[in-house]
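Following: one structure in structure tokens, then a few remarks.
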Amino acid sequence: MNRKRVMIAAPKSGSGKTMAACALLQALKMKGWQVSSFKCGPDYIDPMFHEKAIHVPARNLDTFFTGEEGTKELFCHGIERTDFAVLEGVMGLYDGLGGVREEGSSYHLAKVTQTPIVLIVDAKGMGKSILPLIAGFLAYDKERLIRGVILNKISKGYYEIIKPLIEEELNIQAVGFLPEKKECQIESRHLGLFLPDELHDIQTKLQLAAEEFLKTVSLETIIEIAGSAEEFMVREQVRRREPERAVIAVARDEAFCFYYRDNLRILEESGGRITFFSPLHDEKLPEGCHALLLGGGYPELYAKELSENHRMRAAVKRAADSGMPVLAECGGFLYLHSALKDKEGNCYDMADVVSGTCFYTGKLVRFGYIELLEKQSCFLPEGDRIKGHEFHYYDSTNNGADIIARKPVTGKEYSCMIEKENCCMGFPHLYYPSNPLFAQSFVEKAERYKEGRKMHI
């Protein structure tokens with residue numbers, strides 16, 4: 001497999017990776033390239049910005065979730081119809097599991113996919129100290145993947161002074177710089193960046209960022225670096241799509257928008273037909289659906305509106321009580337509670353599928369990768385596992401205890417989630433490609449529900 005490809009990575013979070021990646025994507029599209037984009041790690045929001053820039057689906061790649069071969073297969077699948085791939089790193093370049101392992105890091109992903117790296121360095125407040133910082137990252141780069149650097153938040157005048165020093169002393173290309181411009185910055189909240197659709201001027205921001213990028217960064221050099229990517233081999237994969245067996249209603253609106261694209265793809269390949277609905281705006285579930293999937297998002301920001309939609313709350317409650325299979329992750333789990341108490345202490349009625357109240361804690365409750373082990377055979381065989389991620393400031397009076405969560409670095413274990421014959425609900429976000437059997441089981445449960453309903457008609 002060979003495609004032009006490049007990773008935008010950084011020494012640390014907050015260096016400007018997302019805006020640089022989006023600017024590069026939009027600039028490449030403006031120049032006529034067919035571009036695909038990927039985000040390293042479990043992040044939901046950055047791929048949404050990628051999609052706003054190039055108007056095509058973005059995907060996640062994560063070597064913890066799918067290992068080296070599985071990650072290469074997903075990457076190859078994602079670049080099939082494109083001629084240029086941009087990968088955005090996560091955190092610092094070498095930050096993997098627990099902040100100390102290579103697995104799950106941007107560098108591991110670049111190594112697995114043989115992708116050259118352009119390092120974006122936040123140079124604000126720095127002088128010649130930029131050089132030893134870059135030198136340290138180059139010294140740690142055993143695969144010699146770092147091929148260029150972009151300096152962020154630096155003036156043109158100082159860039160012209162520091163560029164020759166970087167290239168002469170470190171033998172690395174200084175590809176360009178990005179001046180500090182507030183109009184190109186993306187605001188953040190406690191869970192990360194604001195969502196693209198929450199920013200009324202996002203298209204203007206991205207267009208401006210791309211125009212500035214083309215002025216101060218050598219796109220030709222980045223294309224040259226991307227073209228130096230070595231070909232790598234991947235085992236040939238035969239993708240089989242099961243005949244359509246059941247309709248899965250997926251909650252998608254301003255409150256529920258955190259979905260891995262490959263999760264939905266695997267549901268479809270397993271025989272599910274995806275149809276979307278809005279717990280915020282619709283008054284009933286999609287006609288003829290056989291299962292519900294409620295992903296993460298920001299339901300706490302729309303608690304009043306969700307509560308006031310009495311008909312939808314009642315419809316979800318009736319569906320769950322009827323035995324319809326339900327998957328709910330994080331924000332979807334909040335919505336299924338009896339009540340949600342927001343940051344201000346206001347308490348709102350929710351769907352009442354889970355007896356309990358969820359509430360804001362003022363601190364990060366859980367964060368990071370986990371493996372989820374089945375205590376008893378249900379969605380997976382007993383003892384089997386699926387990988388996921390947690391990141392939430394809300395907690396619940398009823399977290400459930402039907403599944404064992406295990407931290408991959410420390411081995412720490414704790415019980416979590418509510419799992420019954422037809423439902424799996426809790427704070428963890430699951431990554432179905434880490435164990436496709438989970439998605440297949442969900443579709444099979446939906447099919448059995450469908451057949452059972454037919455018998456009662």
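Would you please name the residue that is most open to solvent (accessible area, probe 1.4 Å), looking only at residues in the stretch 124-139 that are at pLDDT below 95 and of a type outside the set (Lys, Arg)?
The extreme case among them is 125.
Determine, yes or no, whether residue 115 is within 30 Å of residue 240 (Cβ to Cβ), modelled with pLDDT of 95 or more, crowded, with 23+ Cβ neighbours inside 10 Å and under 16 Å from the mean Cα position of the chain (by Cα). Steps first, answer last, please.
On the way: within 30 Å of residue 240 (Cβ to Cβ): yes; modelled with pLDDT of 95 or more: yes; crowded, with 23+ Cβ neighbours inside 10 Å: yes; under 16 Å from the mean Cα position of the chain (by Cα): no.
No.
Step by step: first the residues of the stretch 403-457, then only those that are of a type in the set (Asp, Glu) and either under 21 Å from the mean Cα position of the chain (by Cα) or over 30 Å from residue 105 (Cα atoms) (or both), then the one that is most open to solvent (accessible area, probe 1.4 Å). Which residue is that?
Our first condition is that a residue be of a type in the set (Asp, Glu); within the stretch 403-457, this holds for 413, 419, 421, 444, 447, 451.
Next, only the ones that are either under 21 Å from the mean Cα position of the chain (by Cα) or over 30 Å from residue 105 (Cα atoms) (or both) stay: 419, 421, 444, 447, 451.
Numbers: 419: 23, 421: 110, 444: 74, 447: 58, 451: 80 Å².
Looking at residues that are of a type in the set (Asp, Glu) and either under 21 Å from the mean Cα position of the chain (by Cα) or over 30 Å from residue 105 (Cα atoms) (or both), I get 421.
Every residue in the stretch 259-282 that is open to solvent by 10 Å² or more (accessible area, probe 1.4 Å), in contact with a Leu (Cβ under 7 Å, 6 or more places away or on another chain) and either basic (Lys, Arg) or not in a strand (DSSP E or B) (or both), please.
280
Counting just the residues of the stretch 320-334 that are open to solvent by less than 10 Å² (accessible area, probe 1.4 Å) and among the small types (Gly, Ala, Ser), which one comes out nearest to the chain's Cα centre (by Cα)?
Selected residue: 331.
Can you tell me which residue among 405, 303, 339, 320 is outside any loop (DSSP other than H, G, I, E, B), out of contact with any helix residue (DSSP H, G or I) (no Cβ under 7 Å at 6 or more places or on another chain) and either aromatic (Phe, Trp, Tyr) or farther than 21 Å from residue 258 by Cβ (or both)?
Details: 405 fails: either aromatic (Phe, Trp, Tyr) or farther than 21 Å from residue 258 by Cβ (or both); 303 fails: either aromatic (Phe, Trp, Tyr) or farther than 21 Å from residue 258 by Cβ (or both); 320 fails: either aromatic (Phe, Trp, Tyr) or farther than 21 Å from residue 258 by Cβ (or both).
It is 339.
Restricting to the stretch 293-319, count the residues that are open to solvent by 50 Å² or more (accessible area, probe 1.4 Å) and not aliphatic (A, V, I, L, M). Spell out the reasoning first.
Residues of the stretch 293-319 open to solvent by 50 Å² or more (accessible area, probe 1.4 Å): 301, 304-305, 308, 310-311, 317-318.
Next, from what is left, pick out any that are not aliphatic (A, V, I, L, M): 304-305, 308, 310-311, 317-318.
Final tally of qualifying residues: 7.
Just a yes or no: is a residue in the stretch 377-388 buried (at least 18 other Cβ atoms within 10 Å of the Cβ), of a type outside the set (D, E, K, R) and assigned to a helix (DSSP H, G or I)?
Checked the stretch 377-388: no residue is buried (at least 18 other Cβ atoms within 10 Å of the Cβ), of a type outside the set (D, E, K, R) and assigned to a helix (DSSP H, G or I).
So if I check each of 53, 9, which one is more than 21 Å from residue 140 (Cα to Cα), of a type outside the set (S, T, N, Q) and crowded, with 23+ Cβ neighbours inside 10 Å? Even if it seems obvious, please write down each step before you answer.
Working: 9 fails: more than 21 Å from residue 140 (Cα to Cα).
Selected residue: 53, the only one of 53, 9 that is more than 21 Å from residue 140 (Cα to Cα), of a type outside the set (S, T, N, Q) and crowded, with 23+ Cβ neighbours inside 10 Å.
Can you name every residue in the stretch 152-165 that is more than 16 Å from residue 21 (Cα to Cα) and either of a type in the set (A, V, I, L, M) or part of a loop (DSSP other than H, G, I, E, B) (or both)? Write out each step before concluding.
Going through the stretch 152-165, the residues more than 16 Å from residue 21 (Cα to Cα) turn out to be 154-165.
Residues satisfying the conditions are 154, 155, 161, 162, 165.
For the stretch 184-202, state whether one or more residues are farther than 30 Å from residue 392 by Cα and modelled with pLDDT under 95.
Keep residues of the stretch 184-202 that are farther than 30 Å from residue 392 by Cα, which gives none.
No - not one qualifying residue is present in the stretch 184-202.
May I ask you to verify whether residue 149 is farther than 23 Å from residue 45 by Cα and part of a strand (DSSP E or B)?
Taking the combined requirement at face value, the residue satisfies it.
Scan 67, 89 and give me the residue that is touching a residue at least 24 places away in the same chain (Cβ under 8 Å) and not hydrophobic (A, V, I, L, M, F, W, C).
Working: 67 fails: touching a residue at least 24 places away in the same chain (Cβ under 8 Å).
When all the criteria are applied, what remains is 89.
Condition test on residue 248, is it crowded, with 21+ Cβ neighbours inside 10 Å, at pLDDT 95 or above, assigned to a helix (DSSP H, G or I) and in contact with a strand residue (DSSP E or B) (Cβ under 9 Å, 6 or more places away or on another chain)? Show your work before the answer.
Values: crowded, with 21+ Cβ neighbours inside 10 Å: yes; at pLDDT 95 or above: yes; assigned to a helix (DSSP H, G or I): no; in contact with a strand residue (DSSP E or B) (Cβ under 9 Å, 6 or more places away or on another chain): yes.
When the stated conditions are applied, residue 248 does not pass them.
Which condition number does residue 288 fail, the rest of (1) more than 24 Å from the chain's Cα centre (by Cα); (2) open to solvent by less than 40 Å² (accessible area, probe 1.4 Å); (3) in contact (Cβ under 8 Å) with a residue 24 or more places away in the chain being met?
Residue 288 satisfies all of (1) more than 24 Å from the chain's Cα centre (by Cα); (2) open to solvent by less than 40 Å² (accessible area, probe 1.4 Å); (3) in contact (Cβ under 8 Å) with a residue 24 or more places away in the chain except (2).
The values are calculated or read from the model by the stated rules, or taken from the named source; none is laboratory data. Predicted model, so just to flag it, every value in this text is computed and none were measured. Quick reminder, even Gly has a Cβ in these numbers, built from the backbone with ideal geometry, and neighbours come from all protein chains shown. The accessibility values were calculated without ligands, DNA or RNA, using every heavy atom of the protein model including side chains. Shrake-Rupley method; radii C 1.70, N 1.55, O 1.52, S 1.80 Å.
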